[in-house]
Amino acid sequence: MSDLVVELYWDSTYAIALALLENYPQADPENIGLEEMARMIEELPGFEDDPSQVTEQLLLDIQTVWYEEAFSL
């Protein structure tokens, strides 16, 4: 695991998905609601964006990538 903390913004879909995998390895993206996921993202190390700027579509995009990465070989 690296000590480098990447700055994360709402449109950093792939980087956020990877950070969720690393910081919440036991979480199942299928069973996380969007509000809970937004809170989880806001708590990630390096998250720098304005929480009020998130949209449902951004969260759905992040959740999709998170799911794909979590269940890929």
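Distant-in-sequence amide contacts of residue 8, defined by a placed amide H-H separation under 5 Å and a gap of 5 or more residues or a different chain, comprise 47, 48.
Add -39500 (n - 2.57) for each DSSP H run of 4 or more in the chain, then divide by its residues: what number comes out at 222 nm, to the nearest 500 deg cm²/dmol?
-15000 deg cm²/dmol
One entry in [x] 0.99; [y] 1.18; [z] 0.92 is Rg/Rh (Cα atoms, Kirkwood Rh) calculated from the shown coordinates; its label is [z].
Ligands, DNA and RNA left out, the 1.4 Å accessible surface of region 33-73 is 48% carbon and sulfur atoms.
Hey, what's the chain come to in accessible area per residue, 1.4 Å probe, Å²?
Working: 4820 Å² over 73 residues.
Heavy-atom SASA per residue in the chain reads 66 Å².
The values are calculated or read from the model by the stated rules, or taken from the named source; none is laboratory data. No experiment lies behind these values; they were computed from the predicted model shown. Quick note on the areas: whole protein, heavy atoms, side chains included, nothing else; ligands and nucleic acids left out. Shrake-Rupley method; radii C 1.70, N 1.55, O 1.52, S 1.80 Å.
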